[in-house]
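In what follows, a structure is listed as structure tokens, so that the remarks can point back to it.
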Amino acid sequence: MAKFLDLLHEHVVVGDGATGTYLYELGVPLAQCLEELNITRPELVTRVYQEYADAGARVIETNSFGANRLRLARFGLEHQVNEINWRAARVAREALKGRDVFVGGSVGPLSLRPADGEYSIDDRKALFREQIGALLDGGCDLIFLETFTALDELLLALNVFQNLTNIPVVASLGVSEEGRLASGESFPEAVQILRTAGADIIGINGTCGPQACIHLLSKLAVQEGDLLSVFPNAGKPEFYEGRFNYAASAEYFAATLPRWVEEGARLIGGDYGTRPEHIAAMAAVARELKPVRVKKGSFAKLKERVEAIEPTMVSSQPEEEISILDLLKRQQVSIVELDSPKTLSMDKFLQGSRALKEAGAAAITLADNSLAILRMSNLAAAIRLRQEVGITALLHLACRDRNLLGLQSEIMGFGTLGFRHVLALTGDPAKVGDHPGATSVYDVNSVGLIKLLAGMNNGVNAGGRQLQGQTKFIIGCAFNPNALNLDSQVKKLESKLAAGAQYVMTQPVFDVALARQTVTRLKPLGVPIFLGVMPLLSSRNAEFLHNEVPGIKIAEPLRERLRHVDDQAATKIGLEVAREVRDVALEAFNGVYLITPFLRYEVSVNLLK
């Protein structure tokens, strides 16, 4: 439809927000097939379409993202592919009758699983052809091929589309925050390939929040006639009381929108966690903006200097690690988080660990794919730390990736290798990370995991079977002092302590008053507390953490200070605040938990000294 492309060439166009998460918010059960609602509850789907149109969306996507035969079969609906997709388009057309709004047919990846069996290229083409054909029959003005994490599958769907129609198509990628697809291509490479293949509009959706989208778009060069789209998530979700809650506000989206436009985006909307108010706020800003027609891409890479340090080999691991809790009784203890790498290269990680040990860190704490972002096994990283650095490793363990069997197997492995310090976590949902097609397990939550660890300390597994030995785990748990309802968080913490947790590590605190309030609430519990301290590096860093990462809040006065200075001055301010919070922690508890941002270990070294 030439009219839509003409509109994009001249204006910044606002699309809609999330369909799925908004339907869940409106009361649809999490286990419900959302696409089935086109038949069973069309009035609810109509409400969503109309609310987004009322908010200012010029493009509405149909409720059909997962409506291919393969995914519908998981709900026993494989024989209703045509009806469900046709109804998705027709409900949208009826809901938007008389409005100057375009209807875009939403088509997601097939999401093949091993249990689905083998599907040839022709089989997969047939699956896409069936869905796209039904959406076209229903009257869609354009098609969205969206949240594809594998380029070959997106190209396959694009080829099927091009053989059916010549209306506009949006080819949208689910890219990791580092700018790479699961199939291996970099974001700029994938965009170039899709342009060559004939995609009208190319963009990002479904995997990244607002700040990451700016970073990804900045890598792209824009030539006259190039059309880019961006549909960010409302940050990372927090699973609370059976629902996913997203932190990024409508105001934050509106404030960030001009940056997307500066980087070349023309079609802008929202994905997971966004609501009509996000679209309304963006529509108000977009009216005043003109699209960028030409822009150079930034491919400059910062070259890291790595000193040539020969590994210091530790001949053997002591039979039993010294307990950080025993150490805490004699001296101040600083635990430092340093994430294991996202690649196979360990050089910078080990270099940073040596520097942190020299600066006085008592232990390196290793996250377990935090924020559901893939990293090297923290157990493997802990073994390298022990062998080559000679420092205590504190292992995070999340319930997300392993079932009850796998968790216990991992715990037994920790024990037999002599690792004692474990932090029990529920873990961020897999769908919010860089592998959104992965499955979250959650056979138990953090309280259940603490009980598993405590049980093995008593020599039994979850089934009550004797282990012919006992582990000696020092069990930690997490606490979020940034929560709105601190009383609720304290009650949760008390249940973790009752289950067997022996110490507490908190989310980072960026405010001295909040640090003191946390001390007041937690000190009466009578257990060791390691207050989280994380230096802010820039205004962008602060806005990302505040708006997109669950469990973290940064006071407006501090964020305002950072907005008016460059990154160097912002880092200095961030360190000043971190030192103040650190001092409160050490005075109250004699211990502190330093969180190293982006492997910038020199910042944590600064705080240790």
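Readers should treat all values here as calculations from the given coordinates under stated rules, not as data from a laboratory. What you are looking at is a predicted structure, and each value in this text was computed from that prediction instead of being measured. Cβ coordinates were reconstructed from backbone atoms using ideal geometry, including for glycine residues, and neighbour counts include every protein chain displayed.
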Built amide H within the under 5 Å cut-off of SER172, gap 5+: LEU145, GLU146, THR147, PHE148, GLY203
Calculated Cα Rg over 2.2 N^0.38 Å (choose from (1) 0.90; (2) 0.97; (3) 1.01), label: (3)
Potential lengthening between VAL460 and SER345 on full extension [0.36 nm per residue; Cα-Cα distance subtracted]: 37.6 nm
Separation between Cα centres of region 109-160 and region 317-369, rounded to whole Å: 46
Nearest 10 degrees, 0 to 90: helix 151-162 Cα axis against the chain principal axis: 10
³J(HN,Hα), Karplus 6.51/-1.76/1.60, whole Hz, each residue of region 52-58, x for Gly, Pro: 5, 5, 4, 6, x, 5, 9
Rg in Å to one decimal, and Dmax rounded to a whole Å, for region 376-474 via C-alpha atoms: 14.0, 40
Computed FRET value (nearest 0.05) for ASN166 with GLU130, which takes r as the C-beta separation and R₀ as 25 Å: 0.80
Estimated vicinal HN-Hα couplings, Hz - region 61-76 in sequence order (Karplus 6.51, -1.76, 1.60; Gly, Pro = x): 8, 6, 7, 9, 3, x, 8, 8, 4, 5, 6, 5, 4, 5, 10, x
Per residue, the convex hull volume that the Cα atoms of region 10-76 enclose (Å³): 96
Compactness of region 383-434 - radius of gyration and Dmax, Cα, Å: 12.8, 36
Ellipticity estimate at 222 nm from DSSP helix runs (n ≥ 4, -39,500 (n - 2.57)) divided over the chain, nearest 500: -12500 deg cm²/dmol
DSSP bridge pairs, region 135-213: antiparallel proportion in percent, nearest 5: 10
Contour excess over end-to-end distance, with Cα ends at ALA115 and SER249 and 0.36 nm allotted per residue: 44.4 nm
Amide N of region 101-116 lying under 18 Å from the label point, which is placed 7 angstrom from the Cα of ASN403 along Cα→Cβ: 113-116
Hull shadow area, averaged, region 324-417 [alpha-carbon convex hull, nm²]: 6.6
Net lengthening on full extension, HIS79/ARG47 (0.36 nm per residue, minus Cα-Cα): 8.9 nm
Filtered GluC sites (Glu not before Pro), region 184-285: DSSP coil and at most 14 other beta carbons within 10 Å: GLU224, GLU241
Taking the convex hull of Cα positions in region 522-609, its mean projected area over all directions (nm²): 6.2
Degrees between helix 378-388 axis and first principal axis of the chain (Cα, 0 to 90, nearest 10): 40
Under-5 Å amide H pairs with PHE102, H placed in peptide plane, nonlocal only: VAL59, ILE60
Backbone N within region 143-167 under 12 Å of label point (7 Å from LEU5 Cα along the Cβ vector): 166-167
Cα-projected label distance for LYS491 with ASP152, points at 7 Å along beta-carbon direction, nm: 5.2
Separation of the ASP100 and LYS290 label points, Cα + 7 Å toward Cβ, nm: 2.0
Whole-Å distance, taken between Cα centres, linking region 589-607 and region 195-269: 31
Using a Förster distance of 45 Å, the FRET efficiency for LYS609-GLU25 (Cβ separation, nearest 0.05): 0.40
Integer Hz, Karplus 6.51/-1.76/1.60 couplings in order for region 184-197, x for Gly and Pro: x, 6, 6, 4, x, 4, 5, 4, 4, 5, 5, 4, 4, 6
Trypsin sites (Lys or Arg not before Pro) within region 519-604, DSSP loop, no more than 16 other Cβ atoms inside 10 Å: ARG600
